[in-house]
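To keep things clear, I will list the structure first and then write my remarks on it.
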Amino acid sequence: MPDTLKVQEKAQPLLKVTDLAVRFGEVRAVDGVSFTIAPGETLGLVGESGSGKSTVGRAILQLVRSSGGTVELDGTDLGALNGERLRTMRRKMQVVFQDPRGSLDPRMRISAILAEPLVIHGLRDKTAMADRVRDLMRLVGLHDDMADRFPHQISGGQAQRVAIGRALALEPALIVADEPVSSLDVSIQAQVMNLLADLRASLGLSMLFIAHDLAVVRHISDRIAVMYLGQIVELAPRDRIYAKPLHPYTRSLLSAVPVPDPARERARKRIILEGDPPSPDNPPPGCPLSSRCALRRELGDPAECEKRRPALTETALGHHVACHFARE
Amino acid sequence: MTDVSTHTPHYVPRPRTTRGLRSPLGILALVLVVLILGVAIFCGLIAPYDPNKQDYNAFLEGPSAAHWLGTDHLGRDLLSRLMYGSRVALMVGFGAVGFAMFCGVTLGLLAGYSRGFLDDAIMRVVDAILAFPSVMLALGIMAALGPGLSTIIIAIGIADMPLFARLTRSQVLSVRERDFVTAALAMGARAPRIIIRHILPHILGPVIALATLQVGHAILIEAVLSFLGLGVQPPTASWGAILKSGFDYLELAPWISAFSGLAILMTVLGVTLLEDALREQMDPKSGAKT
């Protein structure tokens, strides 16, 4: 694993996000987020509601205007593109939303939904289009006879397959999956996760997989970034973050995941964060977690935490953490 | 390419409910509207008399075998006049509302989708128009342009347009935030495609409901304008003018106002029910066959 990681970090990244910031009025939804995604890599982006994880996804896709920083896809700064050039770049990055039905136009048949990206990007040939739509339906495991249905006539899992198929229609290099299984039944979640994992492997896709808990992203991610209050607090290879989480926030998140082993489950110690996350329009000075941090309490409330915002620094190969006191 | 075999449950079609145009009210609406449309188109063939021909032996006569709905104060056959009057009513009702809907929806779509400066500019103008009572505004425009059928249509259309613009804009503001619109944007769709394919179909329901109300309203404003002598000029038959002329003879010949009022009622009712049925029919979730 470490060897492949080195290779990935050295290779030209597909997506490079530098110091990204998004403000909604006074609210700093995203505040200085940087990361890269290599070709074929999946980055899991985890955080609780309001941490800014979805906004990061939308800012990368240029669906919300960023107030600072850059997003580079294949070396092109997306923020600097004009309308028409951005439109062509959109072919390379596609999105899958949380609510599959909400992301499909209820007045369009499945076949029309799958054909739309092709129409938008200039495919006119009717036969080629029908062939492509049929291929896409097979690719995501949908029966041919679904083509004529409307979104309300299929199940949530099937609708999410349609949304995935639509995202793949333009053969993008990057998929932003914004909590793609959160609104599905648990039994369907696994199917859709497996589908995404299969597609990623067979098509060589890069993926930004956004989720609100660490359990979901575990199997699909190569690396995992944890967000809190608009910032990335920890970013590490998947196996490392589960084995040796460094940031107190990540530790508390992991301690909330049940273990499927009764003996270990009983021994599991939960680290409970006190209180609610602070409001992003009035974040605490210094470290965003300082008001709720268990580690800080253990250390006797050092003043450092409230004075200076910890930078995301590399403590071990590929393991970045933003905490003044985090040690293995 | 991977082939992912999955469990796909068979789709069970839901039972066809009698909704939309197949419901009893929908059928009633169709009958009424087809009847009135038929009368408007074919009144030259089916009207028993020339609507402007006077019978000097029958002033203010009650319903009889010769004159089914009686005659007016000039001895003209009321049935024939009402039949010809349907032309004016339908032309004004649908013409004015069509004009108002086209202009209002276009402006509302532009304002709601663009937001920013264009939105502000459009909505200021719309609010200014809305500040006038619609009858007053129509009166003013009629006074400026002179009487006539096309002027009525334009005058009522302009007076009604702000309602459509405001409604459309508010609908666009909510629909544009829905995921499928964002998805279209992420796919690289241009603004015209997003507006026409993904926003317009979803705002039509409320717009059609408003249009329904406004068709009746437009027919009534036309009656008011005719009442004031600015509408369709005599001797052309207009329901509003006939209704008004009946006021003067309400005790002698109540049927003049009664039957012209009934004609207005039937038309408004028919159009309202039809639009209602159509809206149900167009909603893919209703289960009615499209």
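In the set B:Ser245, B:Ser150, which member is closer than 24 Å to B:Arg87 by Cα, polar (S, T, N, Q) and surrounded by 19 or more Cβ atoms within 10 Å (Cβ to Cβ)?
Within the list B:Ser245, B:Ser150, the selection yields B:Ser245.
Just to be sure, is A:Ser206 in contact (Cβ under 8 Å) with a residue 60 or more places away in the chain, more than 10 Å from chain B (Cβ to nearest Cβ) and either surrounded by fewer than 22 Cβ atoms within 10 Å (Cβ to Cβ) or more than 27 Å from A:Gly52 (Cα to Cα) (or both)?
no
Out of (1) more than 27 Å from A:Leu15 (Cα to Cα); (2) under 26 Å from the mean Cα position of the chain (by Cα); (3) of a type outside the set (A, V, I, L, M, F, W, C); (4) part of a helix (DSSP H, G or I), the odd one out for A:Ser111 is which?
If we test A:Ser111 against (1) more than 27 Å from A:Leu15 (Cα to Cα); (2) under 26 Å from the mean Cα position of the chain (by Cα); (3) of a type outside the set (A, V, I, L, M, F, W, C); (4) part of a helix (DSSP H, G or I), just (2) comes out false.
Would you point out which residue out of A:Leu184, A:Leu123, A:Leu170, A:Leu142 is more than 10 Å from chain B (Cβ to nearest Cβ), in contact (Cβ under 8 Å) with a residue 24 or more places away in the chain and either polar (S, T, N, Q) or not in a helix (DSSP H, G or I) (or both)?
Checking each option against the conditions leaves just A:Leu184.
In segment A:69-99, which residue that is within 9 Å of chain B (Cβ to nearest Cβ) and assigned to a loop (DSSP other than H, G, I, E, B) is modelled with the highest pLDDT?
A:Phe97
Report whether or not A:Ser54 is within 13 Å of another protein chain (Cβ to nearest Cβ) and of a type in the set (Ser, Thr, Tyr).
yes
Looking at A:Ile220, A:Ile224, can you tell me which residue is in a loop (DSSP other than H, G, I, E, B) and closer than 30 Å to A:Asn194 by Cβ?
Being in a loop (DSSP other than H, G, I, E, B) and closer than 30 Å to A:Asn194 by Cβ holds for just one of A:Ile220, A:Ile224, which is A:Ile220.
For A:Gly204, which of the numbered conditions (1) closer than 30 Å to A:Arg91 by Cα; (2) touching a strand residue (DSSP E or B) at 6+ places or on another chain (Cβ under 8 Å) fails to hold?
Against the list (1) closer than 30 Å to A:Arg91 by Cα; (2) touching a strand residue (DSSP E or B) at 6+ places or on another chain (Cβ under 8 Å), A:Gly204 comes up short only on (2).
Can you confirm whether A:Ser66 is small (Gly, Ala, Ser), surrounded by fewer than 16 Cβ atoms within 10 Å (Cβ to Cβ) and assigned to a loop (DSSP other than H, G, I, E, B)?
no
Does segment A:30-55 hold any residues that are buried (at least 22 other Cβ atoms within 10 Å of the Cβ), among the hydroxyl-bearing types (Ser, Thr, Tyr) and either farther than 17 Å from A:Phe97 by Cβ or without any contact (Cβ under 8 Å) to a residue 24 or more places away in the chain (or both), and which are they?
Selection gives A:Thr42, A:Ser51.
The values are calculated or read from the model by the stated rules, or taken from the named source; none is laboratory data. As the structure is a computational prediction, the values presented were derived from the model and not from experiment. Backbone-built Cβ (ideal geometry, glycine too); neighbour counts: all protein chains shown.
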